[in-house]
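Notes follow once the structure below has been shown.
The values are calculated or read from the model by the stated rules, or taken from the named source; none is laboratory data. Computed from a predicted structure; not experimentally measured. Here Cβ is always computed from backbone atoms with ideal geometry, including for glycine, and neighbour counts include all displayed protein chains.
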C-alpha cells in the first residue's frame, strides 16, 4: 500500500504522526486490495488537512498569532517543516495521479480558512510552474480572492 507521509521533523514537538494519504490503490478501510476506491482531490485535501491539524505545535501557533492583529487559524507549523511535508505530498500525488491533480488538491485546500492549508496548497505548485499553461494561470488568478492577509501567502 502506498502511503503519503509528511514525515517527522527532528527537535520539534508534535510533528506529523506518520499517517499518510491514501493512494489510488488504497481501500476505504485503509488496506490495499482488489476493490479500489476512487480518490478525489477533495479526499486528498481532507487527508492533508487532518495531517496538518495533527502535526502542529500549540506553542508555535501562539507565537504566530502574536504577529497578526486579526485572529488567524493556525495549527502551528514551522515553515521549513511545512515546505518539506508539502514537497512530499506533491511528489506522491503527482506519482499517483499526474500533473492536474496537485492543482485540483490546491484548489480544495484554498477553500479553507487555516493558514497552513493555504500554504500547503501553494508550496507544491512552486516547482511545477514551467508545466502550467493559460488555463492553470486563469485558475490561479481566481484564487486571489481567497487570500485574506499576507499570512495566507
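Of all residues in the range 113-129, how many are assigned to a loop (DSSP other than H, G, I, E, B) and crowded, with 18+ Cβ neighbours inside 10 Å? Even if it seems obvious, please write down each step before you answer.
Narrowing the range 113-129 to residues assigned to a loop (DSSP other than H, G, I, E, B): 113.
Filter once more, so that each one left must be crowded, with 18+ Cβ neighbours inside 10 Å: none.
Going through the range 113-129 one residue at a time, the tally reaches 0.
Which pairs have Cβ atoms under 7 Å, sit 6 or more apart or on different chains, and link a residue in the range 37-54 that is within 15 Å of residue 75 (Cβ to Cβ) to one that is modelled with pLDDT under 90 and surrounded by fewer than 14 Cβ atoms within 10 Å (Cβ to Cβ)? Once the first residue is within 15 Å of residue 75 (Cβ to Cβ) and sits in the range 37-54, its partners that are modelled with pLDDT under 90 and surrounded by fewer than 14 Cβ atoms within 10 Å (Cβ to Cβ) give 54/17.
Scanning the range 62-78 for residues that are in contact (Cβ under 8 Å) with a residue 24 or more places away in the chain and assigned to a helix (DSSP H, G or I) yields a count of 1.
Given the criteria surrounded by fewer than 16 Cβ atoms within 10 Å (Cβ to Cβ), at pLDDT 90 or above, out of contact with any strand residue (DSSP E or B) (no Cβ under 8 Å at 6 or more places or on another chain) and at negative phi, does residue 8 qualify? Talk me through it step by step, then tell me what you get.
Working: surrounded by fewer than 16 Cβ atoms within 10 Å (Cβ to Cβ): yes; at pLDDT 90 or above: no; out of contact with any strand residue (DSSP E or B) (no Cβ under 8 Å at 6 or more places or on another chain): yes; at negative phi: yes.
No, not satisfied.
When you scan the range 134-147, do you find a residue that is touching a residue at least 12 places away in the same chain (Cβ under 8 Å), farther than 15 Å from residue 49 by Cα and part of a loop (DSSP other than H, G, I, E, B), even just one? Within the range 134-147, one or more residues are touching a residue at least 12 places away in the same chain (Cβ under 8 Å), farther than 15 Å from residue 49 by Cα and part of a loop (DSSP other than H, G, I, E, B).
Return the residues of the range 84-103 that are assigned to a helix (DSSP H, G or I) and over 13 Å from residue 48 (Cα atoms); say none if nothing qualifies. Give the derivation first.
First, the residues of the range 84-103 that are assigned to a helix (DSSP H, G or I): 84-97, 100-103.
Within the range 84-103, 84, 91, 94, 95, 96, 97, 100, 101, 103 qualify.
Restricting the range 96-110 to residues that are without any contact (Cβ under 8 Å) to a residue 40 or more places away in the chain and out of contact with any helix residue (DSSP H, G or I) (no Cβ under 7 Å at 6 or more places or on another chain), the residue that is surrounded by the most Cβ atoms within 10 Å (Cβ to Cβ) is 100.
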